[in-house]
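Visitor: Handing you a structure now.
The values are calculated or read from the model by the stated rules, or taken from the named source; none is laboratory data. Note that the coordinates shown come from a computational prediction; the quantities given were computed from them, not determined experimentally. For neighbour counting, all protein chains shown are included, and Cβ atoms are generated from backbone atoms with ideal geometry for every residue, glycine included.
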Amino acid sequence: MTSSLIQRHQKVYGPVINWDSDVEIVSGQGCWVTDVEGERYLDFASGIAVLNAGHNHPAIVAAARDQLDRLWHAGGAFRYESLVTAAEKIVAVAPPSIEKLFFMSAGAESVEASIKLARRVTGRQGVFVFRGAFHGRTMGSVSYTTSSAKYRRGYHPLLPSVFVTPFPHPYRWGMSEEEATEHALRELTLKLKHEVMPDEVAAFLVEPMQGEGGYYPAPVPFMRRLRELADEHGILLVLDEVQTGFGRTGKWFASEHYGIEPDVLVMGKAIANGLPLSAVGARARLQDAWPTGSHGTTFGGNPVACAAAAANVDVLAGLIPGVPALAEHAFARFADLRTRHATIGDVRGLGLMIGVELVKPGGNTPDPDAFPFLATYAREHGLFLLDCWSDANVIRFVPPLCVPTEELNLAIDIIDAGLGAYEKK
Ligand SMILES: Cc1ncc(COP(=O)(O)O)c(C=O)c1O
């Protein structure tokens, strides 16, 4: 970014948000962005796992532009077609249990709404959340977020009746998947015995693969047992698929990897490929039991965002079938890198949602210096990367789903060289 723009930026814009770089971009196309000086960068941050169809996809741009020319806001005053079309298309690709939607604008807002729905409909107050989860930054959603204590610092007291229980982190705990699953489930069962009665619990709120919390996919038996426990006790299984949804894991929604269906599904991020839109989907009987007027929004379901979302579903239908092969290729390449870089402790994920954990050689102690070095190296070589986990030591590898194999290889080559340079230091 030019120094004059930084000065203007700092003068009028609060510093609370953490910018990953000072690079000023002016355009984007597919996996690439171009900065103000004409330099091109491979964008493997994808706007924090939002641009699944890539930057500036022509079919999505055309749909949004067409809507923009005709009508761009209605609020709750009028009905309009793009909202209905987007909802129809999303319901058609969502798990069968998700029969009706309600649109909002941001992921956190829809997380909040999902818990409001769960509390209102069940008449219960308790909410179970899983350590390491990220559900957003609003007061309610930050009360459910435990990916890092820094997000909660200074904001206490948070919402009451939120019960935090472990999510299986096999690598971090030095356990097998079976042991980690058993430990997490034992803790959950003890909480239901000692801290809150099951019939006081409205929801299990869970990411099928933790995002910000280190890119940990839940083990299959863990998710299946959550489904069973929810059924046994009349608790709603609320899946936060804000980051995992819309093809990121190689399926429309990550729940498909587990053979389970949620009662409530929270969607955001990639839903409209970058226009602000989010949704709470649920079984029809749950949406119908959420009384009219007990929730609402001004901007949610914006006509332009909905037009983009509808076009996005059509585009993703063409891209998702290609994700497993791209993912297999990326995992094979990272497995090879792991044999050559002692800094890589673990590679995990689903589809093109891949976490590469950087540690001190010889153990699983997070290396806090590795990712900052790598991110700078990568940027200097034309690649943007993000991190995750509270020690900021996990590469959050999230290219657009339209990434060609050549660009995938280019990015992994840069990571390979960057880790080589770090290890030689
Ligand atoms: C799983 C998950 N839920 C909720 C959110 C919050 O979404 P938003 O930033 O749009 O409020 C995020 C954002 O990273 C997320 O990854």
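Visitor: Of the conditions (1) aliphatic (A, V, I, L, M); (2) under 27 Å from LEU352 (Cβ atoms); (3) within 19 Å of the chain's Cα centre (by Cα); (4) surrounded by 12 or more Cβ atoms within 10 Å (Cβ to Cβ), ALA64 satisfies every one except a single condition; which number is it?
Guide: (3)
Visitor: Right, next: From the residues in segment 134-145 that are under 20 Å from ARG119 (Cβ atoms) and out of contact with any helix residue (DSSP H, G or I) (no Cβ under 7 Å at 6 or more places or on another chain), which one is surrounded by the fewest Cβ atoms within 10 Å (Cβ to Cβ)?
Guide: Across segment 134-145, the extreme among qualifying residues is MET139.
Visitor: Of everything in segment 198-234 that's charged (D, E, K, R) and within 11 Å of the ligand (Cβ to nearest atom), which residue is nearest to HIS257 (Cα to Cα)?
Guide: GLU207
Visitor: Pairs please, first residue from segment 275-302 and closer than 21 Å to ALA202 by Cβ, second anywhere and small (Gly, Ala, Ser) and part of a strand (DSSP E or B), Cβ atoms under 9 Å, 6+ apart in sequence or on different chains.
Guide: Between residues of segment 275-302 that are closer than 21 Å to ALA202 by Cβ and residues that are small (Gly, Ala, Ser) and part of a strand (DSSP E or B), the close pairs are GLN287/GLY281; TRP290/ALA282.
Visitor: A follow-up question, please. Could you grab me the full set of residues in segment 380-418 that are under 18 Å from ASN52 (Cβ atoms) and surrounded by fewer than 17 Cβ atoms within 10 Å (Cβ to Cβ)?
Guide: The answer is PRO404, THR405.
Visitor: Of ALA332, ALA342, which residue is modelled with pLDDT of 95 or more, of a type outside the set (D, E, K, R) and in a loop (DSSP other than H, G, I, E, B)? Outline the logic, then answer.
Guide: Values: ALA332 fails: in a loop (DSSP other than H, G, I, E, B).
Among ALA332, ALA342, only ALA342 is modelled with pLDDT of 95 or more, of a type outside the set (D, E, K, R) and in a loop (DSSP other than H, G, I, E, B).
Matching residues to (1) within 16 Å of the ligand (Cβ to nearest atom); (2) in contact (Cβ under 8 Å) with a residue 12 or more places away in the chain; (3) basic (Lys, Arg); (4) closer than 18 Å to ALA203 by Cα:
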{"site": "SER141", "(1), (2), (3), (4)": "yes, yes, no, yes"}
{"site": "TYR144", "(1), (2), (3), (4)": "yes, yes, no, yes"}
{"site": "SER147", "(1), (2), (3), (4)": "yes, yes, no, no"}
{"site": "ARG152", "(1), (2), (3), (4)": "yes, no, yes, no"}
{"site": "HIS156", "(1), (2), (3), (4)": "no, no, no, no"}
{"site": "TYR171", "(1), (2), (3), (4)": "no, yes, no, no"}
{"site": "THR181", "(1), (2), (3), (4)": "no, yes, no, no"}
{"site": "LEU185", "(1), (2), (3), (4)": "no, yes, no, yes"}
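Visitor: Could you please let me know if ASP240 is under 22 Å from ARG124 (Cα atoms) and away from the ligand (no atom under 16 Å from the Cβ)? If you could, list the steps in order and put the result at the bottom.
Guide: Values: under 22 Å from ARG124 (Cα atoms): yes; away from the ligand (no atom under 16 Å from the Cβ): no.
Here the answer is no, as ASP240 does not meet what is asked.
Visitor: Okay, moving on. What residue, of ALA378, ALA392, is closer than 22 Å to GLY47 by Cβ, free of Cβ contacts under 8 Å to residues at least 60 places away in the same chain and not in a helix (DSSP H, G or I)?
Guide: Numbers: ALA378 fails: not in a helix (DSSP H, G or I).
Matching residue, one of ALA378, ALA392: ALA392.
Visitor: Also, quick follow-up: Return yes or no: is LYS269 of a type in the set (Lys, Arg), touching a residue at least 12 places away in the same chain (Cβ under 8 Å) and away from the ligand (no atom under 12 Å from the Cβ)? Show your work before the answer.
Guide: On the way: of a type in the set (Lys, Arg): yes; touching a residue at least 12 places away in the same chain (Cβ under 8 Å): yes; away from the ligand (no atom under 12 Å from the Cβ): no.
Taking the combined requirement at face value, the residue does not satisfy it.
Visitor: I'd like to verify a number: residues in segment 5-53 that are surrounded by fewer than 18 Cβ atoms within 10 Å (Cβ to Cβ), within 22 Å of PRO372 (Cβ to Cβ) and aromatic (Phe, Trp, Tyr), how many?
Guide: The number of residues fulfilling the criteria is 1.
For every residue, the table says whether it meets (1) in contact with a helix residue (DSSP H, G or I) (Cβ under 8 Å, 6 or more places away or on another chain); (2) surrounded by fewer than 15 Cβ atoms within 10 Å (Cβ to Cβ).
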residue	(1), (2)
VAL129	no, no
GLY132	no, no
ALA149	no, yes
HIS156	no, yes
MET175	yes, no
LEU190	no, yes
LYS193	no, yes
VAL196	no, no
MET209	no, no
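Visitor: Next question, about the same structure. Residue check: is SER82 crowded, with 24+ Cβ neighbours inside 10 Å, away from the ligand (no atom under 14 Å from the Cβ), among the hydroxyl-bearing types (Ser, Thr, Tyr) and assigned to a helix (DSSP H, G or I)? If you could, list the steps in order and put the result at the bottom.
Guide: Numbers: crowded, with 24+ Cβ neighbours inside 10 Å: yes; away from the ligand (no atom under 14 Å from the Cβ): yes; among the hydroxyl-bearing types (Ser, Thr, Tyr): yes; assigned to a helix (DSSP H, G or I): yes.
Spelling it out, SER82 is indeed crowded, with 24+ Cβ neighbours inside 10 Å, away from the ligand (no atom under 14 Å from the Cβ), among the hydroxyl-bearing types (Ser, Thr, Tyr) and assigned to a helix (DSSP H, G or I).
Visitor: I'd like the residue in segment 92-139 that is polar (S, T, N, Q) and more than 16 Å from the ligand (Cβ to nearest atom) and, out of all such residues, is nearest to LEU190 (Cα to Cα).
Guide: Keep residues of segment 92-139 that are polar (S, T, N, Q), which gives 97, 105, 110, 114, 122, 125, 138.
Remaining after also requiring more than 16 Å from the ligand (Cβ to nearest atom): 97, 122, 125.
Working: SER97: 29, THR122: 22, GLN125: 18 Å.
The selected residue is GLN125.
Visitor: PRO58 - would you say it is more than 16 Å from the ligand (Cβ to nearest atom) and either buried (at least 24 other Cβ atoms within 10 Å of the Cβ) or under 16 Å from LEU265 (Cα atoms) (or both)? First the steps, then the outcome.
Guide: On the way: more than 16 Å from the ligand (Cβ to nearest atom): yes; either buried (at least 24 other Cβ atoms within 10 Å of the Cβ) or under 16 Å from LEU265 (Cα atoms) (or both): no.
When the stated conditions are applied, PRO58 does not pass them.
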